[in-house]
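Taking it in order: structure first as C-alpha cells, then the write-up.
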Amino acid sequence: MNNLYVLQIDTAFLGCEDFLMGDIRVDGERHITFGTPTQQELLRRAKRWYLDGTFKVVRRPFVSLYSLHAFIQQEDSMKQVPLIYILMSSMRKIDYLAQCGPQ
C-alpha cells in the first residue's frame, strides 16, 4: 500500500479543530490543506492572492509546501502573511487543478 494513504493526521495535536481543511487524492497522489476558518475568511476578502511553492522544507512522501498569502492591514501596518498551506505529494497540472475544486 502507498505510504501516502497510510499516513494518519492527528487532528487533536493540531490544537485547532478546524485547521485541517481537506485531504485531496488524485491518481495515487495526496494533497493535504490546512488553514483556520479565520484565515480562510481573510483570504476570501483579499483583493489579491500571492502563491508560493517551497520544496526543501518537506520530506517524502511530500515534495512541496504550497502556500497562499495575502496582505493584511491592521491599523497603520500592512503585511503579507501566509494564510493557507498545502502539502503536495506531486506537482502535476492535475494536482494544482484539484486544489481549485470541481471543474
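Only one of the numbered conditions (1) free of Cβ contacts under 8 Å to residues at least 24 places away in the same chain; (2) touching a His at 6+ places or on another chain (Cβ under 9 Å) is not met by residue 97, and that is (2). Applying the criterion of being of a type in the set (Ser, Thr, Tyr), at pLDDT 90 or above and touching a Phe, Trp or Tyr at 6+ places or on another chain (Cβ under 8 Å) to the residues of the stretch 1-44, the residue that is least open to solvent (accessible area, probe 1.4 Å) is 33.
Given the criteria loosely packed, with under 13 Cβ neighbours inside 10 Å, part of a loop (DSSP other than H, G, I, E, B), at pLDDT 85 or above and out of contact with any helix residue (DSSP H, G or I) (no Cβ under 9 Å at 6 or more places or on another chain), does residue 47 qualify?
Details: loosely packed, with under 13 Cβ neighbours inside 10 Å: yes; part of a loop (DSSP other than H, G, I, E, B): yes; at pLDDT 85 or above: yes; out of contact with any helix residue (DSSP H, G or I) (no Cβ under 9 Å at 6 or more places or on another chain): yes.
Answer is yes for this residue.
For the stretch 69-103, the set of residues classified as under 14 Å from residue 32 (Cβ atoms) and in a strand (DSSP E or B) consists of 84, 85, 86, 87, 88, listed by residue number. Pull up the stretch 50-78, narrow it to residues that are among the aliphatic types (A, V, I, L, M) and touching a residue at least 12 places away in the same chain (Cβ under 8 Å), then point me to the one that is least open to solvent (accessible area, probe 1.4 Å). In this case the residue turns out to be 70.
Quick check on residue 61: is it at pLDDT 85 or above, more than 13 Å from the chain's Cα centre (by Cα) and part of a loop (DSSP other than H, G, I, E, B)?
Working: at pLDDT 85 or above: yes; more than 13 Å from the chain's Cα centre (by Cα): yes; part of a loop (DSSP other than H, G, I, E, B): yes.
Yes, satisfied.
The values are calculated or read from the model by the stated rules, or taken from the named source; none is laboratory data. Every value quoted in this text rests on a predicted model; they were computed, and no experiment measured them. Every residue, glycine among them, receives a Cβ derived from its backbone with ideal geometry; neighbour counts consider all protein chains shown. Note: areas computed on protein heavy atoms with side chains; ligands, DNA, RNA excluded. Shrake-Rupley method; radii C 1.70, N 1.55, O 1.52, S 1.80 Å.
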